[in-house]
Amino acid sequence: EAIEKGGFEHFMLKEIFEQPRSISDCMRGRLDSATGRLVLGGLREYVNKLVNADRILIVACGTSWHAGLVAEYFFEEFCRIPVEVEYASEFRYRNPVVREGDVVIAISQSGETADTLAAIELAKSKGAIIFGVCNVVGSSIPRATHAGAYTHAGPEIGVASTKAFTAQLTVLNLIALIVAQKKGTITEQKFHELLVDMETIPAKVEKALKLNDQIKVIADTFKDASNFLYLGRGYNFPVALEGALKLKEISYIHAEGYPAAEMKHGPIALIDQEMPVVFIATQDSSYEKIVSNIQEVKARKGRVISVVTEGDKLIPKMSEFTIEVPAVHEALMPMVSVIPLQLLSYHIAVMRGCNVDQPRNLAKSVTVE
Ligand code: G6P
């Protein structure tokens, strides 16, 4: 097992550090900005179903559901197709409306999650075309879908998903870019810019991983907290949910992720001098709005930890701790901004003596409902 961990103390840490490679593995042979080449063999003739879809329904659970939420923003922005992201367990039991022209994308690392599989079967029985975005080759979900694309992240052993998440985002972005180009809902220039930016992601993730020592200090400061709040807006809202989920899963600290603007409708009541609040506040179209949300937390003496874009001058002045990640187009930022949150939860869990790779009560793959 020590050999399998490749010198890392836990599988989770190894998998976090593997991400520059797993993301490039995921893009290999599929994307080349120099030639403008973008292909996903597994979509086959079904790609036109997506191009002509009236609506996309994304079904998933856990971290995969968070990847679906990021994809909702991406598909709506660039493909102009309405997207609904569903917890598979809710979708399957509520007699959902599935119409002709709806296309389902099922996301699953293991390809074995019982609720997701059942949601697929239900949508199929109503005549929908189903795409799979899975990591484990030959698992049940890819076999049940009409077409799909593998994430090629390699085996993920840590129960808390890390590299599978960033690989899911990579594949979903590629699918959306293919569809946007075919539909003509993206300009050639924007398409090209995004391809170039996608290719820079592994190096940017590599740079974000260099924050590891700095994040250990933050972890040490907050390891005894009983609650955490994670706030983000736009593309970084699902990242806030994922950051909170990572912390709960492995450190057993209660954590909530929220859209920053929704804070005033509830979570703000929780803020006092004991409450660490993690803002994912990179430079994007909602930057100014999130700055005011930080001020609201500061005014209530909350302890602000911010993930910002390198070179940000304003937010560090308002934060007790600042984590700087490299700049990238806002639609691609989740692949970078999630990295420090994975590391933060990992170090807090280790410092609390938790079993990081096999947290209590959780399973890697949930094959029962
Ligand atoms: C379990 C795992 C999570 C995962 C979720 C969905 O809860 O512990 O890490 O996100 O299942 O799994 P899937 O394999 O469908 O992505």
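Per-residue answers, yes or no, for (1) touching a Gly at 6+ places or on another chain (Cβ under 7 Å); (2) within 24 Å of residue 290 (Cα to Cα); (3) crowded, with 22+ Cβ neighbours inside 10 Å:
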residue: 170; (1), (2), (3): no, no, yes
residue: 203; (1), (2), (3): no, no, no
residue: 213; (1), (2), (3): no, no, no
residue: 223; (1), (2), (3): no, no, no
residue: 226; (1), (2), (3): no, no, no
residue: 234; (1), (2), (3): no, yes, yes
residue: 243; (1), (2), (3): yes, yes, yes
Right, residue 133: assigned to a strand (DSSP E or B), modelled with pLDDT of 95 or more, within 14 Å of the ligand (Cβ to nearest atom) and in contact with a strand residue (DSSP E or B) (Cβ under 8 Å, 6 or more places away or on another chain) or not? yes
It is to be established whether one or more residues within the range 46-60 are modelled with pLDDT of 95 or more, among the small types (Gly, Ala, Ser) and touching a Pro at 6+ places or on another chain (Cβ under 8 Å). no
So, in the range 140-159, of the ones that are within 28 Å of residue 247 (Cβ to Cβ) and within 13 Å of the ligand (Cβ to nearest atom), which residue ends up surrounded by the fewest Cβ atoms within 10 Å (Cβ to Cβ)? 155
Could you count how many residues in the range 324-369 are within 30 Å of residue 190 (Cβ to Cβ), of a type in the set (A, V, I, L, M, F, W, C), buried (at least 24 other Cβ atoms within 10 Å of the Cβ) and away from the ligand (no atom under 14 Å from the Cβ)? 5
Residue 222 - would you say it is in contact with a His (Cβ under 9 Å, 6 or more places away or on another chain) and either of a type in the set (Val, Ile, Thr) or under 20 Å from residue 352 (Cα atoms) (or both)? no
Please pick out the residue among 180, 153, 149 that is under 20 Å from residue 43 (Cα atoms) and touching a strand residue (DSSP E or B) at 6+ places or on another chain (Cβ under 9 Å). 149
Residue pairs, Cβ under 6 Å, 6 or more apart or interchain, first in the range 125-153 and of a type in the set (Phe, Trp, Tyr), second assigned to a strand (DSSP E or B) and within 14 Å of the ligand (Cβ to nearest atom). List them. 131/105; 131/148
Please go through the range 334-350 and pick out each residue that is in contact with a Ser or Thr (Cβ under 9 Å, 6 or more places away or on another chain), of a type in the set (A, V, I, L, M, F, W, C) and either closer than 21 Å to residue 256 by Cβ or free of Cβ contacts under 8 Å to residues at least 12 places away in the same chain (or both). 338, 339, 348, 349
Within the set of pairs 6 or more residues apart or between chains, which connect a residue that is closer than 13 Å to residue 167 by Cα inside the range 1-30 to a residue that is buried (at least 19 other Cβ atoms within 10 Å of the Cβ) and basic (Lys, Arg) with Cβ atoms less than 6 Å apart? 15/163; 18/163; 19/163; 22/163
Conditions first: (1) among the β-branched types (Val, Ile, Thr); (2) part of a strand (DSSP E or B); (3) over 23 Å from residue 327 (Cα atoms). Residue 278 passes all but one, so which condition is the exception? (3)
Sole exception among (1) outside any loop (DSSP other than H, G, I, E, B); (2) within 30 Å of residue 199 (Cβ to Cβ); (3) free of Cβ contacts under 8 Å to residues at least 12 places away in the same chain for residue 313, by number: (1)
Among the strands (runs of 3 or more DSSP E) lying completely within the range 45-115, list those that include at least 3 residues that are under 17 Å from residue 174 (Cα atoms) and within 14 Å of the ligand (Cβ to nearest atom). 102-108
Here are some residues: 289, 264. Which one is assigned to a helix (DSSP H, G or I), modelled with pLDDT of 95 or more and surrounded by fewer than 16 Cβ atoms within 10 Å (Cβ to Cβ)? 289
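The values are calculated or read from the model by the stated rules, or taken from the named source; none is laboratory data. On a predicted model such as this, the values are computed, not experimentally measured, just so you know. Note that each Cβ is placed from the backbone with ideal geometry, even for glycine, and that neighbours are counted across all protein chains shown.
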